[in-house]
Amino acid sequence: MTDRFDCYYCRDNLHGKKYVKKDDKHVCTKCFDKLCANTCAECKRPIGADSKELHHKNRYWHEDCFRCAKCYKSLASEPFSARDDGKIMCGKCGSREDGNRCQGCYKVVMPGSQNVEYKNKVWHEECFTCIECKQPIRTQSFLAKGEDIYCAPCHDKKFAKKCFHCKQPITSGGISYQDQPWHSECFVCKTCRKPLAGARFTSHENNIYCMDCYKTDVAKKCHGCKNPITGFGHGTNVVNYEGYSWHEYCFNCKKCSLSLANKRFVINGDHIYCPDCAKKL
């Protein structure tokens, strides 16, 4: 006698019939569809014994229902992502939905695309541009002012100090003279072009000179000793009279050599005399 082989639920004999094994129980396809089949998360209909079933994290789908919620592409054999709201999406649509958005165009920055990250924000490479010239920064250096991004040339043009001499931006180093900034290479003698950084110099009528050129080309000559009156060191004090200048130590009586600085004097020809000596002439 042949042992019976029955459906667990309806007791129909399963010999020669299609059946499903569910939790160690043998179930005919009719009872399986009615009592055991999982419900498709998409169409909400039972996934029958004759249907191919896909599952992910305790959720089930018909094979034909397992599609991207955005583009409806079949995901049965494709990478996918499951969102918190229950939707499943292909990699491309998932990136568009959940990916970082460009701070320039506000579109999604796709994984693997050329992009720039700065201060926890992301841009498409072509959207990361200088706020002044609008050109992409790419591999150039850049500087930020608040939320604004500048390429180095535009930053220097807008914010860097301008050289008092050539009016161009000073990007590094420089010299300050009379509260004005200068390029080191612009801070040179007006006459011989000798660099004056760290050297003795003087100014005259908005120009600067090394000491040698100032003495030779600019400084007045003492009417007494005929040497330059530089205003430096010995001879700082100067006496001026009717277009002539003297070192204070040269402003002496021609005859008795008495210093006449701040005293009465008499000029006779090219010489000066004290009043006493002048009377004896």
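Based on C-alpha pairs under 8 angstrom that are at least 6 apart in sequence, segment 153-265 has a relative contact order of 11 percent. For segment 93-126, the set of chymotrypsin sites (Phe, Trp or Tyr not before Pro) satisfying both a DSSP loop assignment and a count of at most 11 other C-beta atoms within 10 Å is given as Tyr106. Straight-line reach only, C-alpha to C-alpha below 15 angstrom: list the aspartates and glutamates that Lys162 could link to, leaving out same-chain residues fewer than 8 apart. Partners within reach: Asp179, Glu185.
Accessible area of Thr139 (1.4 Å probe, protein heavy atoms only, ligands and nucleic acids ignored): about 140 Å². Relative contact order of the chain: 5 percent, from C-alpha pairs under 8 Å at least 6 residues apart in sequence.
Averaging the sequence gap over all C-alpha pairs within less than 8 Å and six or more residues apart, then dividing by the number of residues, gives segment 98-158 a relative contact order of 22 percent. At an R0 of 41 angstrom, the distance between the Cβ atoms of Asp24 and Glu78 translates into a FRET efficiency of 0.75. Hey, for a label at Leu35 modelled as a point 7 Å past Cα toward Cβ, could you say which residues of segment 4-21 have their backbone N under 17 Å away? Taking a point 7 Å out along Cα→Cβ of Leu35, the residues of segment 4-21 whose backbone N falls under 17 Å are 5-15, 18-21. When the listed pairs Lys107/Lys134; Lys30/Lys73; Lys73/Lys121 are checked against a 24 Å cut-off, the alpha-carbon distance exceeds it for Lys30/Lys73; Lys73/Lys121. Estimated purely from DSSP H runs of n ≥ 4, each contributing -39500 (n - 2.57), the mean residue ellipticity at 222 nm for the chain is -2000 deg cm²/dmol once divided by its residues.
Put a plus charge on the Cβ of each Lys and Arg, a minus charge on the Cβ of each Asp and Glu, and nothing anywhere else: the dipole of segment 1-80 about its Cα centre is then about 220 debye. For the chain, the residue among Phe159, Cys7, His247 whose Cα projects farthest onto the positive side of the dipole built from Cβ charges is His247. For the set Phe66, Phe142, the ranking by accessible area, highest first and with no ligand, DNA or RNA atoms included, is Phe142, Phe66 under a 1.4 Å probe. Under a model in which nothing but the beta-carbon of Lys, Arg (+1) and Asp, Glu (-1) is charged, the chain shows a dipole of about 620 debye around its Cα centre.
For segment 29-119, applying the loop criterion from DSSP together with a ceiling of 12 other beta carbons within 10 Å to the trypsin sites (Lys or Arg not before Pro) yields Lys44, Lys52, Lys57, Arg83, Lys107, Lys119.
Using only the alpha carbons of the chain, what is the convex hull's orientation-averaged projected area in square nanometres? Spelled out: convex hull of the Cα atoms, projected over all directions, averaged, 28.3 nm².
The values are calculated or read from the model by the stated rules, or taken from the named source; none is laboratory data. Keep in mind the model is a prediction, meaning the values are calculated, not measured. Cβ coordinates were reconstructed from backbone atoms using ideal geometry, including for glycine residues, and neighbour counts include every protein chain displayed. Note: accessible area is taken over every heavy atom of the protein model, side chains too, but ligands, DNA and RNA are not part of it. Shrake-Rupley method; radii C 1.70, N 1.55, O 1.52, S 1.80 Å.
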